[in-house]
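Only one structure is covered here, and it is reproduced in the block below.
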Amino acid sequence: MIGKRLAKDLMFTGRRLTAEEARIAGFVARIVEQSKLEATILEISTTICAASADAMRLAKRCIDQGVERDPQARSRWRSRR
């Protein structure tokens, strides 16, 4: 998931990813200041809960199946951000 170069760096040195590295590697969706964490969680959860359950299920399926069918999709998507 993170590529050989970064995996070797982390394994050989024992260092931890920074928040920004974790975001770039796709482990986290966003980085939020500690003071804004609870408000951000509330905003995200409210948005998700307000959406149609069927729409959420279909969106999740589309994303999961799309990446599974095209292994390079994830890296191409990441490079466009």
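For the stretch 9-19, putting each phi into the Karplus relation 6.51 cos²θ - 1.76 cosθ + 1.60 with θ = phi - 60° gives couplings of 4, 5, 6, 6, 9, x, 6, 9, 5, 6, 4 Hz, in residue order, rounded to whole numbers and with x for Gly and Pro. Of the solvent-accessible surface of the chain, computed with a 1.4 Å probe over protein heavy atoms with every protein chain present, carbon and sulfur atoms account for 59 percent.
Ignoring lysines fewer than eight residues from Lys36 along the same chain, the ones with Cα atoms less than 30 angstrom from its Cα are Lys60.
Annotation for Thr46 and Leu17: the two label points, set 7 Å from Cα along the Cα-Cβ direction, are 2.9 nm apart.
Around Ala7, with a cut-off of 15 angstrom between Cβ atoms, what is the net charge of the other residues, counting Lys and Arg +1 and Asp and Glu -1?
On the way: positive: Lys4, Arg5, Lys8, Arg15, Arg16; negative: Asp9, Glu21.
So the environment of Ala7 carries a net charge of +3.
Averaged per residue, what accessible surface does the chain expose to a 1.4 Å probe, in Å²? Can you show the working numbers first?
On the way: 7120 Å² over 81 residues.
The answer is 88 Å² per residue.
Can you give the calculated 222 nm mean residue ellipticity of the chain, where each DSSP H run of n ≥ 4 adds -39,500 (n - 2.57) and the sum is split over every residue, rounded to the nearest 500 deg cm²/dmol?
Numbers: 5 runs with 56 residues, N = 81.
Estimated from H runs of four or more residues: -21000 deg cm²/dmol.
Close amide H pairs (under 5 Å, H built 1.01 Å from N) link Val28 with Arg23, residues at least 5 positions away or on another chain.
In order along the stretch 33-46, phi translates into HN-Hα couplings of 4, 3, 5, 9, 4, 4, 5, 5, 4, 4, 4, 5, 5, 5 Hz, rounded to whole numbers, per the Karplus curve 6.51 cos²θ - 1.76 cosθ + 1.60 with θ = phi - 60° and x for Gly and Pro. Around Ala22, under 12 Å between beta carbons, what's the net of Lys plus Arg minus Asp minus Glu among the other residues? Charge balance near Ala22 sits at +1.
The values are calculated or read from the model by the stated rules, or taken from the named source; none is laboratory data. Since this is a predicted model, take the numbers as computed values, not measurements. Ideal geometry is used to build each Cβ from the backbone, glycine not excepted, and the neighbour counts take in all protein chains shown. Side chains included, ligands, DNA and RNA excluded: accessible areas come from the protein's heavy atoms. Shrake-Rupley method; radii C 1.70, N 1.55, O 1.52, S 1.80 Å.
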